[in-house]
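Taking it in order: structure first as structure tokens, then the write-up.
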Amino acid sequence: MPSLPPAPARHALRGRAVTFGTNPFLDDPARALVHEPDALILIEDGHITRFGAFDALRDTLPPDTPVTTWHHGIISAGFVDTHVHYPQLPMIAAYGEQLLEWLERYTFPTEARFADPDYAAGVARRFLRELLRAGTTSAAVYCTVHPQSVDAFFTESARLNTRMVAGKVLMDRNAPANLRDTPQGGYDDSLALIERWHQHGRQLYAVTPRFAATSTEEQLDLAGSLLRQREGLFMQTHLSENLAEVEWISHLFPRRASYLDVYAHAGLVGPRSVLGHGVHVDEDIFHTCHAAGCALAHCPTSNLFLGSGAFRLFDALDPRRPVRVGLGTDVGAGTSLSQLQTLNEAYKVAQSTGRRLHPAQAFWLATAGGARALYLDDRIGTIAPGMEADLCVLDPHATPLMAQRAEQCETIEDLLFVLMMLGDDRSVRATYVAGQLVHDRDAPEAAGERDPGHITSFT
Ligand code: GUN
Ligand code: ZN
């Protein structure tokens, strides 16, 4: 299939660009946003080595550097999805249930199919293609209980050279027999996967107990000890998404002070722990998350779809004790893999809590904020020298409606707001991974997707 030509080791992009100098939840949003109307981004060996105004940098370009100009696009760091389930792609948009019934009726039967490695490989391939079409270049991804589902995912991600965090779901109770592991079996399988994939190129491993209801205390304790086996491991799970779930957890763990305390007791709450949802939490929990350095993944399309409740984004981000927050699509409970669509719903959820999500804050959450939530902000999430060259090119004129609306925009903030309210995968003109063009919306069919021609080694 390779049809897009591989980029040379050194090349440059030119066009309007947006990124962030500071955190727009702590700083004035308009000041935090860095907008360069005519930028030059020099890319060497998969990394950004220079970024600034084209006029200021043009004379410093090494001779014969090819320059790709994106005339009507807005170049951004690639999006970061901090919570998503790749095996649930086939069951996105499943009608009618709330969380616990939805898991039983739709999710578990779908995930059972991943015992078949060929099936897993096919879905992993489609999922990663869809992510790139949406401009998302990094994600924290749940696989299934089957180790082969993890091999399928990382094999495809390594081929594309995407920076991904993923892991095998641990689940030893309250699930169908064909989806249950055991504490020791789950531990052994996870350790083997960690050895195979963690820090293999750009791949990173997340110890992944599904949620407290589907793991015994023994399994959660072993998950905690897995985390201590290697440097830089991640942990991902779900927290306080739905009221019936919260009630169930309090019965399953009567000795724990809170839902979060179930995980903390097992040594699962710290830097690089990503807790999905956190809809029904109080000030104490936000405070503990802040102190522990763990992150919450805000998943608005999922929370609306399952009727779970409204995440209190601005309370979580309170500057007096800010919690790291990223955005999650949470497909298949989420209804889109697009971070633009996710921002659309995040804006409305914030409105419903009486708060206003500024477009600069929104795009920060989808890029630099997500990277910070994952402790990867020294590598991804912004456009700056030294960062990995994962980028997307947004098209504010993607549809006739967007084009006419974009014509009315006077500021970059207005334009970003139009993108997040009306945009989706159609508004992603192109996506780069480690400097390589991997998605070109307007290339002839099947030519717009390409495996990278050469893989740059990353450490
Ligand atoms: N809680 C436990 N498992 C899941 C899942 O797969 N999706 C969501 N949204 N919540 C969960
Ligand atoms: Zn989830």
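The values are calculated or read from the model by the stated rules, or taken from the named source; none is laboratory data. Everything numeric in this text was worked out from a predicted model, so none of it was measured. All Cβ positions, glycine included, derive from the backbone under ideal geometry; neighbour counts span all protein chains shown. We work out accessible area using only protein heavy atoms, side chains counted, and drop any ligands, DNA or RNA first. Shrake-Rupley method; radii C 1.70, N 1.55, O 1.52, S 1.80 Å.
Out of V279, V274, report the one residue that is β-branched (V, I, T), within 15 Å of ligand 2 (Cβ to nearest atom) and more than 25 Å from L191 (Cα to Cα).
Details: V274 fails: more than 25 Å from L191 (Cα to Cα).
The conditions single out V279.
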(request) Please work out which one of (1) out of contact with any helix residue (DSSP H, G or I) (no Cβ under 7 Å at 6 or more places or on another chain); (2) farther than 20 Å from L275 by Cβ is the condition P359 fails and give its number. (result) (1)
(request) Give me the pairs, please: first residue somewhere in region 117-134 and over 15 Å from V438 (Cβ atoms), second residue anywhere and among the hydroxyl-bearing types (S, T, Y) and not in a helix (DSSP H, G or I), beta-carbon distance under 8 Å, and either six or more positions apart or on two chains. (result) A120/T144
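Select, from Y106, Y95, the only residue that is farther than 29 Å from F234 by Cα, outside any strand (DSSP E or B), among the hydroxyl-bearing types (S, T, Y) and within 16 Å of ligand 1 (Cβ to nearest atom).
Working: Y106 fails: farther than 29 Å from F234 by Cα.
Just a single option satisfies the conditions, and that option is Y95.
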(message) What are the pairs with Cβ atoms under 9 angstrom where one residue, in region 167-195, is without any contact (Cβ under 8 Å) to a residue 12 or more places away in the chain and the other, located anywhere, is basic (K, R) and open to solvent by 50 Å² or more (accessible area, probe 1.4 Å)? Sequence gap at least six, or different chains.
(response) E195/R230
(request) Could you tell me whether V150 is aliphatic (A, V, I, L, M), under 19 Å from the mean Cα position of the chain (by Cα), in a helix (DSSP H, G or I) and assigned by the TED database to the domain that holds E231? (result) yes
(request) Would you mind stating whether D330 is touching a strand residue (DSSP E or B) at 6+ places or on another chain (Cβ under 7 Å) and in the same structural domain as G96 (by the TED database)? (result) yes
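Grab the helices (runs of 4 or more DSSP H) fully contained in region 349-429, keeping just those with 3 or more residues being of a type in the set (G, A, S) and crowded, with 19+ Cβ neighbours inside 10 Å.
By residue number, 370-373.
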(request) Please give the number of the condition D45 fails out of (1) out of contact with any Ser or Thr (no Cβ under 7 Å at 6 or more places or on another chain); (2) open to solvent by 60 Å² or more (accessible area, probe 1.4 Å). (result) (1)
(message) Filter region 293-326 down to the residues that are crowded, with 21+ Cβ neighbours inside 10 Å and more than 25 Å from A244 (Cβ to Cβ) and list them by number.
(response) L317, R324, G326
(message) Any residue that is under 30 Å from A398 (Cβ atoms), away from ligand 2 (no atom under 16 Å from the Cβ), open to solvent by 20 Å² or more (accessible area, probe 1.4 Å) and of a type in the set (K, R) - is there at least one of those in region 98-115?
(response) no
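Given the criterion on the phi < 0 side of the Ramachandran plot, touching a Gly at 6+ places or on another chain (Cβ under 9 Å) and in contact (Cβ under 8 Å) with a residue 40 or more places away in the chain, identify the matching residue among A112, A206.
A206
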(request) Please go through region 160-213 and pick out each residue that is farther than 12 Å from Y142 by Cβ, within 16 Å of ligand 1 (Cβ to nearest atom) and touching a strand residue (DSSP E or B) at 6+ places or on another chain (Cβ under 8 Å). (result) D181, G186, A212
(message) Which of the strands (runs of 3 or more DSSP E) found entirely inside region 20-90 contain at least 1 residues meeting this: closer than 30 Å to Q148 by Cα and in contact (Cβ under 8 Å) with a residue 12 or more places away in the chain?
(response) 79-85
(request) Would you check if there is a residue in region 269-284 being open to solvent by 10 Å² or more (accessible area, probe 1.4 Å), out of contact with any Pro (no Cβ under 6 Å at 6 or more places or on another chain) and part of a helix (DSSP H, G or I)? (result) yes
